[in-house]
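Worksheet for the structure shown next.
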Amino acid sequence: MTPAPGGPAGAPGPVALHDAALDSTAAVVARVRPDQLGLPTPCALWDVRALIGHLVEANELFAVAAGSEPAVLPADDPLAAYPASTEAVRRAWHQPGVLDRHVRLPFGALPGAVAVRMHFVDHLVHGWDLAVATGQDATLDPVLASAAHDEMTTALAGVPRGPDVAGGPFAPPVPWPDDAPVHERLVAFLGRRPPAPAPPP
């Protein structure tokens, strides 16, 4: 889904990007089969079940940060909990004025416009992780991928990354061609290695 205009010069605004990332990843999660929950993902510490569980927890965290009540979600079933958590966080970030105030997260208070962009990138990239893990088409919408790439290259400029950085949240970037599709450059910048293209039939 391509987000509607809403930012400067017709660029998508942060809530439109957030909505579109939720839609993109929800389409991937909807195609995950129960027998795939134990498969490994590009996130080394998480299998498919744990990664969907992380998405549910992040949805809850960012919904509550935006001022919503915690959603009532099915316990121990991330596939069942994911849709409700997604709609809860979507509603939360449509509240009037939420982008203009600070919201509290475990790592500190942030302007709402910054927090929603953080969740946008996290959700979009983890959708790519799940698509790769479950054999789905991992191509991301270029508008979303470009916005996420711009966000992260700015946010991580000068931030140390690598095996000597204990506890760092981001792996070092994987070298990738500058003329590759933007979603590949995004995930490579965040430490993933895009899969080789399938051979022609």
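The values are calculated or read from the model by the stated rules, or taken from the named source; none is laboratory data. These numbers were taken from a predicted model, which means no experiment stands behind them. Reconstructed Cβ throughout: ideal geometry from the backbone, glycine too, with neighbour counts over all protein chains shown. In case anyone asks, the SASA skips ligands and DNA or RNA and just uses the protein heavy atoms, side chains included. Shrake-Rupley method; radii C 1.70, N 1.55, O 1.52, S 1.80 Å.
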Between A113 and A180, what is the label-to-label distance in nm when each label sits 7 Å out along the Cα-to-Cβ direction? 3.2 nm
quick shape note, the chain: Cα extents on principal axes in Å, largest first -> 48, 40, 38
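So how do L156, L79 rank on accessible area, 1.4 Å probe, biggest first, that is with the largest at the start?
Greatest to least solvent exposure: L79, L156.
What FRET efficiency, computed as 1/(1 + (r/R0)^6) with R0 = 30 Å and r the Cβ-Cβ distance, is obtained for R104 and R193, rounded to the nearest 0.05? Spell out each step's value before the answer.
Details: r = 35 Å, r/R0 = 1.18.
Efficiency for this residue pair is about 0.25.
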Of all accessible heavy-atom area on region 67-201, the percent that carbon and sulfur account for (1.4 Å): 59 percent
By the mean-Cβ-within-10 Å protection proxy, highest first, 174-184, 50-60 rank as 50-60, 174-184
About the Cα centre of the chain, how large is the charge dipole given +1 on each Lys and Arg Cβ and -1 on each Asp and Glu Cβ? Please answer in debye to the nearest 20. 180 debye
With a Förster distance of 30 angstrom and the Cβ-Cβ distance between R31 and A75, calculated FRET efficiency to the nearest 0.05 equals 0.80
Taking amide H positions as placed 1.01 Å from N in the peptide plane, with prolines and chain starts having none, which residues 5 or more places from L105, or on another chain, fall under 5 Å of its amide H? L110
D47's amide H: which non-local residues (gap 5+, or another chain) put their own amide H closer than 5 Å, with H modeled 1.01 Å from N in plane and none for Pro or chain starts? none
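Mind checking Rg over Rh on region 3-97, alpha carbons, Kirkwood formula for Rh?
Details: Rg = 14.5 Å, Rh = 14.3 Å.
Rounded to two decimals, Rg/Rh equals 1.02.
Kindly report the accessible area of the chain per residue (heavy atoms of protein chains, probe 1.4 Å, no ligands, DNA or RNA), in Å². Provide the component values of the computation, followed by the final result.
Working: 10360 Å² over 201 residues.
Using a 1.4 Å probe on heavy atoms only, each residue of the chain averages 52 Å².
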